[in-house]
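The values are calculated or read from the model by the stated rules, or taken from the named source; none is laboratory data. Since we're looking at a predicted model, the values are computed, not measured. Please note: Cβ atoms are built from the backbone with ideal geometry, for glycine as well, and neighbour counts cover all protein chains shown.
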Amino acid sequence: MSRRLEEAIRRLEKKVKSLQADSGGDGTTSFQISQISNTHDHTGDTLIAGSSTSTTDGPAQGQLAFLNSSKQWVKACAGDGANAGDKHPIGIALSSNPHSDGVLAIGLYKLESSHVSGSISAAGNFDVGQQVFIHPHTSGSFTTLIPSGSGETVRVIGHALDTNIIYFNPSGDFIEV
């Protein structure tokens, strides 16, 4: 083997070891809440898909969105059958152009308080430790209150780690009330 090839192999081995160390060494990924301090800070897996963002119901940064059958990102609302985001890919918009900038598919995200509500906390706060659901009345928003109205979709999308930090890990399962 040539000396240049051996050096290239060693550099590659170092990079692989570095990546393994960053991911815990066993192929898993670590999400550290200490990395999340400002609104819209996030860490995790990003999904970039779709051809456009809906011009009428498109999400803003930090809002919950789903990819509809027209390959457009639309704000999710558990109380709106067509926009419930029940059986579609769902994520937190990383900008107002999620088709090009992506959505958080799984990980940690610090939300704007205007996108958050809890069942017993003051408006703008999650109930820490509770499951988080697609909000049934406010498009693109999150709640720890289980949707319970007729025709509303119940889909767990994560857990509240702090008053406005979500561990986003959406379930593929849902039910319609």
Among the small types (Gly, Ala, Ser) and under 12 Å from the mean Cα position of the chain (by Cα): does that describe Ala105? yes
Regarding Ser141, is this residue farther than 21 Å from Ile33 by Cβ and assigned by TED's automatic domain parsing to the domain that holds Ser54? yes
The range 163-177 - residue that is of a type outside the set (A, V, I, L, M, F, W, C) and under 16 Å from Ala76 (Cα atoms) and, of those, surrounded by the most Cβ atoms within 10 Å (Cβ to Cβ): Pro170
Answer residue from the range 127-142, given it is in contact with a Ser or Thr (Cβ under 8 Å, 6 or more places away or on another chain) and polar (S, T, N, Q) and is surrounded by the fewest Cβ atoms within 10 Å (Cβ to Cβ) among those: Gln131
Tell me yes or no: at least one residue of the range 163-177 is assigned to a helix (DSSP H, G or I) and either within 24 Å of Gln32 (Cβ to Cβ) or in contact (Cβ under 8 Å) with a residue 12 or more places away in the chain (or both). no
Pair list, Cβ < 8 Å and 6+ apart or interchain, from the range 92-113 residues that are assigned by TED's automatic domain parsing to the domain that holds Asp45 and closer than 21 Å to Thr138 by Cα to residues that are in a strand (DSSP E or B) and among the polar types (S, T, N, Q): Leu94/Thr46; Ser96/Thr53; Asn97/Thr53; Pro98/Thr53; Val103/Thr46; Leu104/Thr46; Ala105/Thr46
Considering Gly140, Gly81, which residue is at pLDDT 90 or above and closer than 25 Å to Ala49 by Cβ? Gly140
If we scan the range 30-38, do we find a residue that is in contact with a Phe, Trp or Tyr (Cβ under 6 Å, 6 or more places away or on another chain) and either modelled with pLDDT of 80 or more or within 23 Å of Gly172 (Cβ to Cβ) (or both)? no
Hey, could you check the range 146-162 for residues that are surrounded by fewer than 17 Cβ atoms within 10 Å (Cβ to Cβ) and part of a loop (DSSP other than H, G, I, E, B) and say which is farthest from the chain's Cα centre (by Cα)? Ser150
Of these, Gly107, Gly50, which one is out of contact with any Asp or Glu (no Cβ under 7 Å at 6 or more places or on another chain), on the phi > 0 side of the Ramachandran plot and not β-branched (Val, Ile, Thr)? Gly50
Within the range 57-78, take every residue that is of a type outside the set (Gly, Ala, Ser) and assigned to a loop (DSSP other than H, G, I, E, B) and give me the one that is modelled with the lowest pLDDT. Asp57
